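This report refers to the structure that appears directly beneath it.
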Amino acid sequence: MSLAALAGCGFTPVYGPQGGGTKLMNAVALDEPTDRDSYDFNQRFEERLGRGIGPYHLKVSTAVTSKGLGSLADGQTTRYRLTGWATYTLSPVGVDEVLVSGRTSSFTSYSATGSTVATQTSERDAYRRLMVILADQVIDRLLLEADTLPE
């Protein structure tokens, strides 16, 4: 599709002059991380949108479940799937009014067939990847709603 065709259909780049994405750059305050998952989520969020002090505040709650997928004849689990959810609300700083809210989910997996150290490293990496995916999904949804946010 050519640029002229995109311009004719009303397409506006989110970070373009008329796009709402610039409203969110360095403008979203996050709660302090309380665990490694929230730290990884916040780190990814700030990589993409910058560290904000307002005018918006994002409250995020994450949850992760783990399920064994494969096993050996002796019953030892060889692969795990992590399923995660992020529930979020965007509000003006200091105000209870919800501007945007939603829930997103995704999954990752890791192998448990190596040494104990290798398995622990794979598990930690899978949790980190899951938080990055969830943060990206929340950001994408916020960017879709950015043009409706108050200045």
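Among the residues of the range 22-39 satisfying the criterion of being assigned to a helix (DSSP H, G or I) and open to solvent by 70 Å² or more (accessible area, probe 1.4 Å), which is farthest from Gly94 (Cα to Cα)? Checked the range 22-39; the qualifying residue farthest from Gly94 (Cα to Cα) is Arg36. In this structure, is Arg141 touching an Asp or Glu at 6+ places or on another chain (Cβ under 6 Å), surrounded by 15 or more Cβ atoms within 10 Å (Cβ to Cβ) and of a type in the set (Lys, Arg)? So Arg141 fails the test. Take the conditions open to solvent by less than 20 Å² (accessible area, probe 1.4 Å) and of a type in the set (S, T, N, Q) and apply them to Thr148. Does it pass? No. Determine whether the range 125-135 contains at least one residue that is under 18 Å from Tyr39 (Cβ atoms), of a type in the set (Ser, Thr, Tyr) and out of contact with any Pro (no Cβ under 9 Å at 6 or more places or on another chain). The answer is yes; a qualifying residue exists.
The values are calculated or read from the model by the stated rules, or taken from the named source; none is laboratory data. Here the structure is a predicted model, which means the values were calculated and not measured. Cβ: placed from backbone, ideal geometry, glycine included. Neighbour counts: every protein chain shown. Heavy atoms of the whole protein, side chains included, go into the accessibility calculation; ligands, DNA and RNA do not. Shrake-Rupley method; radii C 1.70, N 1.55, O 1.52, S 1.80 Å.
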